Amino acid sequence: MDYTLRIWRQENAEAEGGMATYRVEGISPDSSFFEMLDTLNQQLIDRGEEPVAFDHDCREGICGTCSLYINGRPHGPLKGVTTCQLHMRSFPDNETITVEPWRSKAFPVVRDLIVDRSALDRIIQAGGYVSINTGGVPDANDIPVAKEHSDEAFDAAACIGCGACVAACANASPMLFIGAKVSHLARLPQGKVEAEHRVLRMVECMEGLGFGGCSNTYACEAECPKGITVANIAMLNREFFLAGLMRQKDKGRRSESF
Ligand code: FES
């Protein structure tokens, strides 16, 4: 199969970028999208040109490193797959394919198709953790968790932090990502201890990093490769509201005792 590729090229964060057009031919329909890009890069290297820089690690849909808009959609045309799980049989022969990096103020372009997504790491550092001392390994089923809650926590924990929700959102909002982390931890007994602190810190961090709020378009749910639903944003809003109330109540109590 043959393709024309329109790819965003940008030498570094400060340089002005632009689209470049390449032709790749004789690609197997069973090649992955990244194998097709590897073929292109080999051709560029053979011609003495700079290969296209793109992010990847596991190539199995696990690590969340890959991050490309393909024909204007995060992770390309298929539902429920990451870029690394996409195969060339999903594109008609002789198609022109446009490949761009994630676009968000909080994700600056590092080079070509690579963006700096460390803003998501900073949101996790702000509260996406459990810091209680868990001691030794507990016996299985030692801590009772309702089946419904464990299923919901497990579904939320499927988020791989790829940033597709940010890339899909008109407001570049990471609320699906934060909602998944908050829901995952708030539904489990170990996560309840820091729930109030967690949600307030994570939302505060999100706002400080220049991300927007939820656009209510559900584009994040439609493009999430792991099927994270907007029910997690509803949970985030609920937790945020309750945490705000608790904080007000605590302040009131403290001022009464003076
Ligand atoms: S490279 Fe790991 S999820 Fe795509």
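Derivation of every value follows stated rules applied to the coordinates shown; laboratory data play no part. All values reported here derive from a predicted model rather than from experimental measurement. Don't worry about glycine lacking a Cβ; one is built from the backbone with ideal geometry, like all the others, and counts go over all protein chains shown.
In the structure shown, do any of 105/251; 79/105; 105/147; 105/226; 192/226; 105/181 have a Cα-Cα gap over 32 Å, and if so which? Result: 105/251; 105/147 exceed 32 Å.
Measuring nothing but alpha carbons in the chain and taking Rh as the Kirkwood radius, the Rg to Rh ratio lands at 1.06. Here the chain is assigned +1 on the Cβ of each Lys and Arg and -1 on the Cβ of each Asp and Glu. Its dipole about the Cα centre then comes out at about 1160 debye.
Measuring max minus min along each principal axis, the C-alpha atoms of segment 85-190 give extents of 57, 32, 26 Å (largest first). Amide H contacts of residue 53: 113, each under 5 Å away and 5 or more positions distant or on a separate chain (H built 1.01 Å from N in the peptide plane; Pro and chain starts excluded).
The convex hull drawn around the Cα atoms of segment 118-257, when projected onto a plane and averaged over every direction, covers 10.0 nm². Under a model in which nothing but the beta-carbon of Lys, Arg (+1) and Asp, Glu (-1) is charged, segment 118-257 shows a dipole of about 460 debye around its Cα centre. In order along segment 214-227, the phi-based Karplus estimate (6.51 cos²θ - 1.76 cosθ + 1.60, θ = phi - 60°) of 3J(HN,Hα) comes to 4, 8, 6, 9, 6, 4, 4, 5, 5, 9, 5, x, 10, x Hz; Gly and Pro are listed as x.
Annotation for segment 103-171: trypsin sites (Lys or Arg not before Pro) lying in DSSP loop with at most 16 further Cβ atoms inside 10 Å of their Cβ are 103, 105. Taking label points 7 Å from Cα along the Cα-to-Cβ direction, residue 60 and residue 11 give a separation of 3.9 nm. Amide H contacts for residue 63 (H built 1.01 Å from N in the peptide plane; partners 5 or more residues away or on another chain; cut-off under 5 Å): 58. Among 71, 43, 54, whose Cα lies farthest out toward the positive end of the dipole of segment 3-111, if unit charges sit on the beta carbon of Lys, Arg (+1) and Asp, Glu (-1)? Value computed over the given set: 71. Using Cα atoms only, what is the angle between the long axis of helix 195-208 and the major principal axis of the chain, expressed in degrees (0 to 90) to the nearest 10? Tilt of helix 195-208: around 40 degrees. Taking GluC sites (Glu not before Pro) across segment 1-83, the ones in a DSSP loop with at most 11 further Cβ atoms lying within 10 angstrom of their Cβ are 14, 16, 25, 60. Inter-part distance, segment 181-245 to segment 10-59, computed on C-alpha centroids, equals 35 Å.
When the alpha carbon gyration tensor of segment 3-111 is reduced to an equivalent ellipsoid, the three semi-axes, largest first, read 20, 18, 13 Å. Taking 0.36 nm per residue of sequence separation and removing the Cα-Cα distance, the residue 131/residue 116 pair yields an extension gain of 2.7 nm. The label point for residue 39 and the one for residue 216, both projected 7 Å from the Cα toward the Cβ, are 4.6 nm apart. From least to most packed, judged by other beta carbons within 10 angstrom and beginning with the fewest, 118, 67 follow the order 118, 67. Output the 0 to 90 degree angle, nearest 10, between the alpha-carbon long axis of helix 175-186 and the longest principal axis computed from the alpha carbons of the chain. Helix 175-186 sits at roughly 40 degrees to that axis. Over the C-alpha atoms of segment 48-100, the Rg to Rh ratio, Rh being the Kirkwood estimate, stands at 0.98. For segment 1-117, the dipole from Cβ point charges (+1 on Lys and Arg, -1 on Asp and Glu) about the Cα centre works out to 480 debye, to the nearest 20.
For helix 118-127, report the angle its Cα long axis makes with the longest principal axis of the Cα atoms of the chain; keep it between 0 and 90° and round to the nearest 10°. Rounded to the nearest ten degrees, it is 10.
The HN-Hα couplings worked out from phi for segment 73-78 by the Karplus form 6.51 cos²θ - 1.76 cosθ + 1.60 (θ = phi - 60°) are 10, x, 6, x, x, 8 Hz, whole numbers, x standing for Gly and Pro.
Under the classification rounded if a/c is under 1.5, otherwise prolate if a/b is larger than b/c and oblate if not, where does segment 51-136 fall, given a ≥ b ≥ c as square roots of the Cα gyration tensor eigenvalues? Because a/c hits 1.5 or more and a/b exceeds b/c, segment 51-136 counts as prolate. If the chain linking residue 47 and residue 98 were pulled fully straight, counting 0.36 nm for each residue of separation and taking away their Cα-Cα distance, it would gain 16.1 nm.
Converting phi to 3J(HN,Hα) with the Karplus coefficients 6.51, -1.76 and 1.60 and the offset θ = phi - 60°, segment 151-161 yields 5, 5, 5, 5, 4, 5, 5, 6, 4, 9, x Hz in sequence order, with x at every glycine or proline.
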